[in-house]
Amino acid sequence: MPIHYDHPTAFSHWGDEERAAINRVHRSGRWTMGAETEAFEAELAAYHGRKHAVCINSGSSANLIAVAALFHVKDNPLIRGDIAAVPALAWPTLYSPAVQHGLELQLMDCDPKTWNAPIDQNLEAHNLVMGCSILGNPAPLDLLAEGAKNMGAWFINDNCES
């Protein structure tokens, strides 16, 4: 029996608002770092109650910037040799920023049903927990973030699959 998919593999759900935004960017000639990006950064920062938001080129760069920034925070900065708890199954771009900055990785076991790392494991003392949804299965990011907070650790959410 042939497999029937309810969702086409190529489609567009863009409405007039999205098309207008694309056209504004196109007309500006500034695909990145232009007025539209600056306006989006301000809107995103306000939405999250922050002073600033920074748009970058990829999730890989976002992970690198996030890890680097945590070495320069006023309270509880990361230092080389700190332990970062990471899911055993994730993307290289989740691990590499931690390794580049001299953090030691502690692999969190993954649930065989979801392939994601649950927080109910014995984690060593560390300053960073990194969460990642994998292969279309959403990780318990809220629980990982809460667990990190309870341990006094930073939390980075790499959710490129959402």
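Observations on the structure shown:
- Solvent accessible area, Å² - Met33, 1.4 Å probe, full protein context: 150
- Relative contact order, percent, the chain [alpha-carbon distance under 8 Å, six or more residues apart]: 15
- Calculated FRET efficiency for the pair Thr37/Phe71, C-beta based, R₀ 30 Å, to 0.05: 0.70
- Exposure of Glu161 as accessible area (Å², to 10), given a probe of 1.4 Å and all protein chains: 70
- For Arg30, solvent-accessible area (1.4 Å; no DNA, RNA or ligand), Å²: 120
- Accessible surface of the chain, 1.4 Å probe: 57 percent of it comes from carbon and sulfur atoms.
- Residue with peak Gaussian network fluctuation, the chain [Cα springs, cutoff 10 Å], from Glu43, Glu104, Glu18: Glu18
- Backbone amide hydrogens, once placed in the peptide plane, bring Met108 within less than 5 Å of Val86, Ala88, excluding anything fewer than 5 places away on its chain.
- Available extension along the chain between Cys55 and His13 is 12.8 nm, counting 0.36 nm per residue and deducting the alpha carbon span.
- Placing dummy labels 7 Å off each Cα toward the beta-carbon, the span from Arg27 to Leu143 is 4.9 nm.
- Surface per residue (accessible, 1.4 Å probe) for the stretch 29-162, Å²: 62
- Of (i) 165; (ii) 107; (iii) 139, the label for volume of the Cα convex hull per residue in Å³ derived from the coordinates: (i)
- The calculated 222 nm mean residue ellipticity attributable to helices in the chain amounts to -10500 deg cm²/dmol, summing -39500 (n - 2.57) over DSSP H runs of n ≥ 4 and dividing by all residues.
- Among Ile22, Ile134, Ile56, residue whose mean-square fluctuation peaks in a GNM of the chain (springs only between Cα atoms under 10 Å): Ile22
The values are calculated or read from the model by the stated rules, or taken from the named source; none is laboratory data. Small disclaimer: the values here were computed from a predicted structure and weren't measured. Please note: Cβ atoms are built from the backbone with ideal geometry, for glycine as well, and neighbour counts cover all protein chains shown. The accessibility values were calculated without ligands, DNA or RNA, using every heavy atom of the protein model including side chains. Shrake-Rupley method; radii C 1.70, N 1.55, O 1.52, S 1.80 Å.
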